[in-house]
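Structure first, then comments.
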Amino acid sequence: MKIVDGKIVLEIKACSYCDGKGQREEYQSCPHYGQAMRGKACSFCGSTTKHGHSGKHTGKMISCDRCKGTGQEMEDLYGYAPADIWQGLTFKVYRQDRNNSWNESFLGFGCVYSCEDYGSAAKSDDAAIIEKVRASGSHQAVKFAKEEDNTLADHIGIFVTRNGYSVRAVFSGVKAVEKQIAHEPSPAVARLVGGAIAADGGNGTAFAAGM
């Protein structure tokens, strides 16, 4: 995975299922899974209960299903971006006089990640916050690149609140992100209204996420 002209270019990598070996050890599921044993031991796995059945490795090596024995696979945006890609992005801090939304506290929809830090970031200067976020790792590339054409975000916005912050990709101007944030209810409203929507058969989680 690398950046060329503002886009992520996907490359061939070692298969994550077989570690590039092209083969994996055969695993067989128990053919009696879900069957009550009525006190007898399963002839395959030895379970004596309905829900205790388990599969087992046979010791036989077979061709890897994922890479078809090649030991290689193509990267995708759902993989973790290398640290140098993440750290090479532009980061900007936006301070907002509010508490974290329900989405920021519990869901993280539309965020690279979010955090409740009891006001630590609010008391820090911008440089310290950026340094902390840049040093974080294991972020999926899809969190800050468009799926349709792999275009990178213009920058990463760090939206600092009174009790935490959320890290979000900014593609077409910060106002679009701020508009999304404005739609995200507070924890109190999300519990009350989202719960009522869910009780009525609707999608209370989507409401809580600001969708």
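Where a number appears in this text, it was derived from the coordinates with a stated rule and is not lab data. Keep in mind it's a predicted model, so treat the numbers as computed, not measured. With ideal geometry, Cβ positions are generated from the backbone for all residues, glycine too; neighbour counts draw on all protein chains shown.
Between 152, 167, 139, the Cα set farthest toward the positive side of the dipole of region 139-179 (charges on each charged residue's Cβ, about the Cα centre) is that of 167.
Compared with the dominant Cα axis of the chain, that is its longest principal axis, helix 126-135 is turned about 10°.
Stretched out straight at 0.36 nm per residue, the stretch from residue 40 to residue 23 would grow longer than its current Cα-Cα span by 2.6 nm.
Here the dipole of region 1-136 is about 780 debye; that uses its Cα centre as origin and unit charges on the Cβ of Lys and Arg (positive) and Asp and Glu (negative). When 64, 18 are arranged by Cβ crowding within 10 Å, least crowded first, meaning fewest neighbours, the order is 64, 18.
Could you list 47, 114 so that the one with the fewest beta carbons within 10 Å of its beta carbon is first and the one with the most is last? Walk me through the numbers on the way to the answer.
Working: 47 18, 114 22.
Listing 47, 114 from fewest to most nearby Cβ atoms yields 47, 114.
Across region 177-194, coupling constants 3J(HN,Hα) worked out from phi with the 6.51/-1.76/1.60 Karplus curve, θ = phi - 60°, read 6, 4, 5, 5, 4, 5, 7, 7, x, 5, x, 5, 5, 4, 5, 6, 6, x Hz, and Gly and Pro carry x. For Cα extents along the principal axes in Å, the listed values are (i) 52, 42, 28; (ii) 64, 48, 31; (iii) 57, 37, 28; which was obtained by calculation from the structure presented? Here the calculated entry is (ii).
Amide H contacts of residue 3 (H built 1.01 Å from N, in plane; Pro and chain starts excluded): 9 sit under 5 Å, all sequence-distant by 5 or more or on other chains.
Rank these for me by crowding, 93, 9, 174, 160, going from fewest to most other beta carbons within 10 Å.
Numbers: 93 18, 9 11, 174 15, 160 23.
Ascending Cβ contact count within 10 Å gives the list 9, 174, 93, 160.
What dipole magnitude, in Debye to the nearest 20, does region 83-208 give about its Cα centre under +1 on Lys/Arg Cβ and -1 on Asp/Glu Cβ?
On the way: 13 positive and 15 negative charges, 52 e Å.
Using only the charged Cβ atoms, the result is roughly 260 debye.
How high is the relative contact order of the chain, in percent, counting Cα pairs under 8 Å that sit 6 or more residues apart?
20 percent
Annotation: amide H-H contacts under 5 Å for residue 69 (H modelled 1.01 Å from N, sequence separation of 5 or more, or interchain): 64. Near the amide H of residue 15, within less than 5 Å, lie the amide hydrogens of 20, 72, 73, all on another chain or at least 5 residues away, with H placed in the peptide plane.
Take the eigenvalues of the Cα gyration tensor for region 112-211, scale each by 5, and report the square roots as semi-axes in whole Å, largest first. If you can, show how the numbers build up before the last one.
Working: eigenvalues 139, 76, 27 Å².
That gives 26, 19, 12 Å for the three semi-axes.
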